[in-house]
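The structure under discussion appears below in the form of structure tokens.
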Amino acid sequence: MAVLERVSNGTFDYGAGLEHGRRALGSYAASAIPSRGRLFAEPACPTRTEVQRDRDRIIHASAFRRLTYKTQMFIFHEGDNYRTRLTHSLEVAQIARTIARQLCLDEDLAEAIALAHDLGHPPFGHAGERALDAQLTDCGGYDHNVQSLRVVTSLERKYPEFDGLNLSWETLEGIVKHNGPPEREAQRGQQGHPGDAAMLHAIRRLPAAFDLHLTRQASAEAQVAAIADDIAWRTHDIDDGLRAGLIALSDLEQVTVIRPILARVAARPRQDHSRDVYEVVRQLITLMISDVVGESRRRLMALKPKTANDIREAPEPIVGLSDRLTPQLAELRTFLFAKLYRHPRIMSVMDDACSVIADLVQRYRSEPDEMIETWSERAGHLDGRKRLRLIGDFVAGMTDRFAIAEHRRLFDATPDLR
């Protein structure tokens with residue numbers, strides 16, 4: 001499990017810089033061994049590692065740019081300072097890099113997986129996902145993690161040699177295993193993630209030679225990206241909820257993990273509300289990251305992995321929260337669902353958003369020529385399940401504002417969504 005010796009600072013060419021990055025890694029980092037390659041062979045990049053190249057392809061993807069106008073918790077027009085699906089992804093990436101650095105993992109790989117994890121989110125957040133899932137039952141339903149895989153393997157179309165982004169094995173593995181090993185999780189039935197079976201079906205489209213080891217754990221970097229996602233949404237949704245006035249700082253006193261933070265904030269010289277909110281969120285992020293780093297180091301010491309494959313073969317994830325903090329964060333999650341995500345204002349807007357999604361799918365299903373030309377042309381060559389899946393892809397790729405604009409174009413009345 002030894003961490004390889006670091007190169008001293010100084011002047012070096014880019015090739016030496018890449019070697020420096022490798023030497024800073026633990027022997028159990030996914031990129032401590034050469035990449036397992038890509039679906040379509042490409043010449044190596046002279047200035048970037050394989051996962052750095054993946055990260056850049058993700059950032060330049062159309063699906064990534066569209067996250068700017070996709071809902072995190074509030075629809076884009078409800079306020080300029082609320083998180084969007086894009087800023088959420090950036091916060092996840094920042095937290096993932098921090099944890100990966102502390103664990104001597106490949107920060108670039110953790111960042112790439114974090115940036116890609118929500119590429120498949122439809123407009124209007126999880127409400128839009130539920131609506132699409134209901135409308136697409138005849139072609140297998142909808143899951144945003146599965147859609148992220150579809151985006152990076154087929155739906156992005158900009159390279160002449162292939163569809164998708166042709167990401168490396170390591171990044172693709174991290175996207176596929178965002179909720180854990182899908183084959184192992186699917187075998188758990190109702191206890192597993194509902195999208196695991198759909199993920200297994202989607203993976204069947206990949207060549208058999210590109211085996212992602214679906215019963216094994218994800219790399220430590222992928223596990224870091226997944227837990228960074230949990231940290232990000234819990235904390236920034238509190239921030240947005242407080243600033244929107246849907247919850248108050250006093251409401252958080254009932255949450256065990258936040259109560260001592262509130263006491264520390266209250267003991268400071270009096271500050272304005274905005275600074276108090278930021279301080280609560282800042283301290284909660286720090287607490288959660290510190291707990292993950294400490295617990296993950298403990299697990300690494302117990303496992304003593306020598307390679308990344310040792311982590312993949314481990315019976316349980318190597319990155320996680322301590323037994324002390326896990327129930328406290330479960331309590332926080334319960335609080336957020338009860339007080340924030342099911343707040344009447346949120347529920348009212350999201351119910352209307354679901355109707356927008358349902359209306360669009362049904363209209364395109366009966367009149368596929370109403371889709372923009374490139375999509376309607378493709379629909380004309382398909383029927384049944386394949387046409388419905390294409391309609392789902394079209395709607396899933398929409399931003400909030402484009403979905404609203406399309407609804408106004410096609411229907412006499414469109415909900416205000418406020």
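The values are calculated or read from the model by the stated rules, or taken from the named source; none is laboratory data. Remember, it's a predicted structure, so these values are computed and weren't measured experimentally. Cβ coordinates were reconstructed from backbone atoms using ideal geometry, including for glycine residues, and neighbour counts include every protein chain displayed. What goes into the accessible areas is simple: the full protein's heavy atoms, side chains included, and nothing from ligands, DNA or RNA. Shrake-Rupley method; radii C 1.70, N 1.55, O 1.52, S 1.80 Å.
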Check: Which net charge results when you count Lys and Arg as +1 and Asp and Glu as -1 among the other residues whose beta-carbon is under 14 Å from that of P43?
Finding: 0
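So what is the relative contact order of the chain, in percent, for Cα pairs below 8 Å that sit 6 or more residues apart?
Working: 618 pairs, mean separation 83.7, N = 418.
Across the chain, relative contact order equals 20 percent.
Mean residue ellipticity at 222 nm from the helices of the chain, using -39,500 (n - 2.57) per DSSP H segment of n ≥ 4 over the full residue count, to the nearest 500 deg cm²/dmol? Before the final figure, lay out each step's value.
Values: 19 runs with 228 residues, N = 418.
Mean residue ellipticity, 222 nm, calculated: -17000 deg cm²/dmol.
If packing is taken as the average number of other Cβ atoms within 10 Å across a peptide's residues, how do 118-125, 147-154 rank, most packed first? Mind showing how you got there, number by number?
Numbers: 118-125: 26.9, 147-154: 22.9.
Most protected by this proxy first, the peptides run 118-125, 147-154.
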Check: How big is the accessible area of H60 in square angstrom, nearest 10, if you roll a 1.4 angstrom probe over the protein chains?
Finding: 120
Checklist line | Lys/Arg +1, Asp/Glu -1 at C-beta; the chain dipole; positive extreme among H117, H60, S290 | finding: S290
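For the stretch 31-182, what D do you get in µm² per second when you plug the Kirkwood radius from alpha-carbon pairs into Stokes-Einstein at 37 °C and 0.692 mPa s? Kindly include the intermediate steps, with their values, before the conclusion.
Working: Rh = 16.2 Å.
Estimated via Stokes-Einstein, D reaches 202 µm²/s.
Leaving ligands and nucleic acids out of the surface, order R389, R264, R204, R282 by accessible area at 1.4 Å, largest first.
Working: R389 45, R264 125, R204 170, R282 100 Å².
Correct descending sequence by accessible area is R204, R264, R282, R389.
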Note to self: Once each part is reduced to its C-alpha centroid, what is the distance from the stretch 203-219 to the stretch 243-291 in angstrom?
What the structure shows: 42
Note to self: Going by average Cβ density within 10 Å per residue, which order do the peptides 348-355, 378-385, 216-223 take, highest to lowest?
What the structure shows: 216-223, 348-355, 378-385
Next item on the list: Find the Rg to Rh ratio for the chain, where Rh is the Kirkwood radius over alpha-carbon pairs and Rg uses the same atoms.
Entry: 0.97
Notebook entry, point to check: So what's the net charge close to R150: Lys and Arg +1, Asp and Glu -1, counting the other residues with Cβ under 15 Å from its Cβ?
Noted result: +1
Notebook entry, point to check: With helices defined as uninterrupted DSSP H runs, which ones in the chain have an alpha carbon span along their own long axis of at least 24 Å and mean Kyte-Doolittle hydropathy of at least -0.5?
Noted result: 85-102, 220-244, 273-303, 344-366
Next item on the list: Enter the accessible area of S290 (Å², nearest 10), with the probe set to 1.4 Å and all protein chains included.
Entry: 70
Check: Given +1 on the Cβ of Lys and Arg, -1 on the Cβ of Asp and Glu, and no further charges, what dipole in debye does the stretch 250-299 carry about its Cα centre, rounded to the nearest 20?
Finding: 280
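Suppose every Lys and Arg Cβ carries +1 and every Asp and Glu Cβ carries -1, with no other charges. What dipole size does the stretch 293-372 come out with about its Cα centre, to the nearest 20 debye? Present the calculation step by step, with values, prior to reporting the outcome.
On the way: 13 positive and 12 negative charges, 145 e Å.
Roughly 700 debye for the stretch 293-372.
Give me the net charge for the shell around G320: Cβ to Cβ below 9 angstrom, other residues only, Lys and Arg +1, Asp and Glu -1.
Working: positive: R299; negative: E295, E316.
It works out to a net charge of -1.
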Margin query: Using amide H atoms built in the peptide plane, which far-off residues or other-chain residues are under 5 Å from G120 H to H?
Written below: S148
Check: Taking all protein chains as present, what is the carbon and sulfur share of the accessible area of the chain, in % to the nearest whole number, probe 1.4 Å?
Finding: 51
Checklist line | Of L300, A232, S274, farthest towards positive along the dipole that unit charges on Lys, Arg, Asp, Glu beta carbons give the stretch 223-309 | finding: L300
Next item on the list: Send over a whole-number figure in Å² for the accessible area per residue of the chain, probe 1.4 Å.
Entry: 46
